[in-house]
Amino acid sequence: MPLPSLLTVHAHPDDESLFCGGVLSCSEDAGITTTVDVGPRLPQKPATELSA
């Protein structure tokens, strides 16, 4: 029987702690393998390019 696991996918680096930090913590404490995937950090354009 496979061990239980939990995968969460988030768009921003702080979303996992804001929206499901408690669930992740409880799952880890219960022995469930937890994995957090956060979207890629894209390079930001300088402010001069944004106004153009």
For region 21-41, enumerate the residues that are assigned to a helix (DSSP H, G or I), surrounded by 11 or more Cβ atoms within 10 Å (Cβ to Cβ) and small (Gly, Ala, Ser). Gly21, Ser25, Ser27
Considering residues that are acidic (Asp, Glu) and either in contact (Cβ under 8 Å) with a residue 24 or more places away in the chain or surrounded by 11 or more Cβ atoms within 10 Å (Cβ to Cβ) (or both), the number found within region 1-20 is 2
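Read-outs: derived from the displayed coordinates by stated rules, not from any lab. Only a predicted model underlies this, so the values are computations on that prediction, with no experimental measurement involved. Cβ atoms come from the backbone with ideal geometry, glycine included; neighbour counts cover every protein chain shown.
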